[in-house]
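The values are calculated or read from the model by the stated rules, or taken from the named source; none is laboratory data. Quantities reported herein were computed from a predicted structural model and do not represent experimental measurements. Heavy atoms of the whole protein, side chains included, go into the accessibility calculation; ligands, DNA and RNA do not. Shrake-Rupley method; radii C 1.70, N 1.55, O 1.52, S 1.80 Å.
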Amino acid sequence: MDMNSTMGKNKVRHRRGPLRSWLLMGTLALGTAATVAACSSSPSSTPAGSSASSAPAGGSSAASTTISAKSVPGVGTVLVNGQGQTLYMLTSEQGGKITCTQANGCTQTWPETLLTSRGTTAKAGSGVQSSLLGTVKDASGNLEVTYNHWPLYTFSGDSGPGVAKGQGLTSFGGTWYVLNGSGNPVASGGASAGNGY
(Lines give C-alpha, C1' and ligand atoms only; values in the text may rest on other atoms or scores of the structure.)
Protein backbone atom coordinates (compact mmCIF):
# COMPACT_ATOMS: atom_id res chain seq x y z
CA MET A 1 0.00 0.00 0.00
CA ASP A 2 1.49 3.33 -0.95
CA MET A 3 1.47 6.49 1.14
CA ASN A 4 -0.71 8.49 -1.24
CA SER A 5 -3.57 5.97 -1.22
CA THR A 6 -3.52 5.77 2.59
CA MET A 7 -3.64 9.57 2.92
CA GLY A 8 -6.49 9.73 0.39
CA LYS A 9 -8.57 7.31 2.43
CA ASN A 10 -7.88 9.25 5.62
CA LYS A 11 -8.99 12.49 3.96
CA VAL A 12 -12.25 10.85 2.88
CA ARG A 13 -12.84 9.55 6.39
CA HIS A 14 -12.02 12.94 7.82
CA ARG A 15 -14.48 14.64 5.48
CA ARG A 16 -17.29 12.19 6.30
CA GLY A 17 -16.85 12.57 10.07
CA PRO A 18 -17.94 16.23 10.31
CA LEU A 19 -20.77 15.64 7.81
CA ARG A 20 -22.13 12.76 9.86
CA SER A 21 -21.88 14.79 13.05
CA TRP A 22 -23.64 17.73 11.42
CA LEU A 23 -26.49 15.50 10.17
CA LEU A 24 -26.84 13.85 13.57
CA MET A 25 -26.91 17.20 15.38
CA GLY A 26 -29.45 18.58 12.91
CA THR A 27 -31.71 15.56 13.36
CA LEU A 28 -31.48 15.81 17.16
CA ALA A 29 -32.28 19.53 17.06
CA LEU A 30 -35.34 18.95 14.88
CA GLY A 31 -36.52 16.10 17.09
CA THR A 32 -36.09 18.21 20.22
CA ALA A 33 -37.96 21.15 18.67
CA ALA A 34 -40.84 18.87 17.63
CA THR A 35 -41.03 17.34 21.10
CA VAL A 36 -41.04 20.73 22.83
CA ALA A 37 -43.73 22.01 20.46
CA ALA A 38 -45.92 18.94 21.03
CA CYS A 39 -45.56 19.10 24.80
CA SER A 40 -46.25 22.80 25.10
CA SER A 41 -49.21 23.02 22.74
CA SER A 42 -52.71 23.21 24.12
CA PRO A 43 -56.12 23.92 22.63
CA SER A 44 -56.66 27.65 22.38
CA SER A 45 -60.42 27.54 22.67
CA THR A 46 -63.29 25.33 23.71
CA PRO A 47 -66.11 24.68 21.21
CA ALA A 48 -69.25 26.67 21.86
CA GLY A 49 -71.73 24.93 24.13
CA SER A 50 -69.18 22.71 25.81
CA SER A 51 -66.78 23.05 28.69
CA ALA A 52 -63.92 21.14 30.19
CA SER A 53 -64.95 18.27 32.44
CA SER A 54 -63.35 16.00 34.95
CA ALA A 55 -66.30 13.63 34.78
CA PRO A 56 -65.41 9.92 34.76
CA ALA A 57 -65.14 8.23 31.40
CA GLY A 58 -68.27 6.16 32.04
CA GLY A 59 -70.45 9.24 32.41
CA SER A 60 -71.90 11.36 29.66
CA SER A 61 -69.83 14.34 28.59
CA ALA A 62 -70.01 17.92 29.78
CA ALA A 63 -72.31 18.92 26.93
CA SER A 64 -74.92 16.56 28.36
CA THR A 65 -75.48 18.79 31.41
CA THR A 66 -77.94 20.75 29.26
CA ILE A 67 -81.21 18.83 29.21
CA SER A 68 -83.81 19.54 26.49
CA ALA A 69 -86.93 17.91 25.08
CA LYS A 70 -86.81 16.85 21.42
CA SER A 71 -88.87 14.63 19.15
CA VAL A 72 -87.44 11.12 18.84
CA PRO A 73 -89.04 8.69 16.35
CA GLY A 74 -91.11 5.98 18.04
CA VAL A 75 -91.30 7.62 21.48
CA GLY A 76 -92.38 11.24 20.85
CA THR A 77 -90.96 14.36 22.49
CA VAL A 78 -88.60 13.19 25.22
CA LEU A 79 -85.56 14.33 27.19
CA VAL A 80 -82.19 14.47 25.45
CA ASN A 81 -78.75 15.61 26.55
CA GLY A 82 -76.66 18.43 25.07
CA GLN A 83 -75.48 16.12 22.29
CA GLY A 84 -79.05 15.14 21.35
CA GLN A 85 -78.76 11.62 22.81
CA THR A 86 -81.96 10.17 24.28
CA LEU A 87 -82.08 10.06 28.09
CA TYR A 88 -83.58 7.21 30.11
CA MET A 89 -84.68 6.46 33.66
CA LEU A 90 -84.74 3.10 35.46
CA THR A 91 -87.95 2.12 37.28
CA SER A 92 -86.04 0.70 40.28
CA GLU A 93 -84.56 4.16 40.94
CA GLN A 94 -87.76 5.95 41.93
CA GLY A 95 -87.08 8.87 44.26
CA GLY A 96 -83.45 9.25 43.18
CA LYS A 97 -82.18 5.98 44.70
CA ILE A 98 -79.19 4.78 42.61
CA THR A 99 -79.21 1.09 41.63
CA CYS A 100 -77.33 1.45 38.31
CA THR A 101 -73.68 1.58 39.40
CA GLN A 102 -70.19 1.06 38.09
CA ALA A 103 -69.75 -1.80 40.58
CA ASN A 104 -72.58 -3.89 39.07
CA GLY A 105 -71.53 -3.04 35.49
CA CYS A 106 -74.69 -1.08 34.76
CA THR A 107 -73.00 2.21 33.86
CA GLN A 108 -70.99 0.50 31.10
CA THR A 109 -74.25 -0.08 29.20
CA TRP A 110 -76.18 2.86 30.65
CA PRO A 111 -73.72 5.78 31.18
CA GLU A 112 -74.78 8.27 33.84
CA THR A 113 -75.49 11.89 33.02
CA LEU A 114 -73.04 13.68 35.31
CA LEU A 115 -72.53 17.35 36.08
CA THR A 116 -69.20 18.92 35.21
CA SER A 117 -66.80 19.61 38.06
CA ARG A 118 -67.77 23.29 37.87
CA GLY A 119 -71.54 22.78 37.76
CA THR A 120 -74.00 22.53 40.62
CA THR A 121 -77.15 22.18 38.50
CA ALA A 122 -77.98 21.13 34.96
CA LYS A 123 -79.17 23.73 32.47
CA ALA A 124 -82.79 23.56 31.28
CA GLY A 125 -83.03 23.64 27.51
CA SER A 126 -86.18 24.00 25.40
CA GLY A 127 -89.19 22.00 26.62
CA VAL A 128 -87.68 21.30 30.05
CA GLN A 129 -88.85 22.69 33.40
CA SER A 130 -85.86 23.91 35.41
CA SER A 131 -87.79 23.21 38.65
CA LEU A 132 -87.73 19.47 37.82
CA LEU A 133 -83.94 19.36 37.36
CA GLY A 134 -81.88 18.17 40.30
CA THR A 135 -78.95 15.99 41.29
CA VAL A 136 -78.20 12.92 43.35
CA LYS A 137 -74.80 11.56 44.43
CA ASP A 138 -73.77 8.26 42.87
CA ALA A 139 -71.70 5.61 44.67
CA SER A 140 -68.47 7.38 43.62
CA GLY A 141 -69.64 10.73 44.98
CA ASN A 142 -70.26 12.27 41.53
CA LEU A 143 -73.36 14.42 41.02
CA GLU A 144 -75.75 12.71 38.63
CA VAL A 145 -78.46 14.78 36.93
CA THR A 146 -82.08 13.94 37.81
CA TYR A 147 -85.37 15.03 36.29
CA ASN A 148 -88.48 14.80 38.45
CA HIS A 149 -86.27 12.81 40.88
CA TRP A 150 -85.31 10.21 38.21
CA PRO A 151 -81.52 9.79 37.65
CA LEU A 152 -80.80 10.16 33.91
CA TYR A 153 -78.79 7.83 31.65
CA THR A 154 -77.91 7.40 28.00
CA PHE A 155 -77.87 3.96 26.33
CA SER A 156 -74.69 2.59 24.74
CA GLY A 157 -76.82 0.80 22.11
CA ASP A 158 -78.11 4.10 20.68
CA SER A 159 -76.09 4.97 17.58
CA GLY A 160 -76.53 8.71 18.05
CA PRO A 161 -79.12 11.49 18.36
CA GLY A 162 -82.76 10.68 17.52
CA VAL A 163 -82.50 7.00 18.50
CA ALA A 164 -84.21 5.25 21.45
CA LYS A 165 -83.23 1.56 21.25
CA GLY A 166 -83.10 1.32 25.05
CA GLN A 167 -86.81 2.10 25.43
CA GLY A 168 -88.66 -0.65 27.35
CA LEU A 169 -85.59 -2.83 27.99
CA THR A 170 -85.54 -4.70 31.30
CA SER A 171 -82.20 -5.02 33.08
CA PHE A 172 -80.44 -4.15 36.33
CA GLY A 173 -83.55 -4.58 38.46
CA GLY A 174 -86.03 -2.52 36.47
CA THR A 175 -87.30 -1.30 33.10
CA TRP A 176 -85.74 1.58 31.17
CA TYR A 177 -88.02 4.32 29.83
CA VAL A 178 -87.60 7.73 28.27
CA LEU A 179 -89.07 10.74 30.09
CA ASN A 180 -91.33 13.45 28.66
CA GLY A 181 -90.99 17.17 29.46
CA SER A 182 -93.38 16.78 32.41
CA GLY A 183 -90.98 14.29 33.99
CA ASN A 184 -93.16 11.24 33.45
CA PRO A 185 -91.88 7.94 32.04
CA VAL A 186 -93.10 7.22 28.51
CA ALA A 187 -94.17 3.57 28.14
CA SER A 188 -94.43 3.33 24.34
CA GLY A 189 -95.43 5.36 21.31
CA GLY A 190 -95.29 8.59 23.30
CA ALA A 191 -97.94 7.60 25.92
CA SER A 192 -97.09 8.60 29.49
CA ALA A 193 -96.64 5.68 31.87
CA GLY A 194 -97.40 7.91 34.86
CA ASN A 195 -95.45 8.02 38.09
CA GLY A 196 -96.81 4.87 39.71
CA TYR A 197 -93.53 2.97 39.96
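Some observations on this one:
- Amide H contacts of T175 (H built 1.01 Å from N, under 5 Å, at least 5 apart or other chain): T91, S92
- Expressed as a whole percent, the accessible area of the range 60-164 that falls on carbon and sulfur atoms is 46 (1.4 Å probe).
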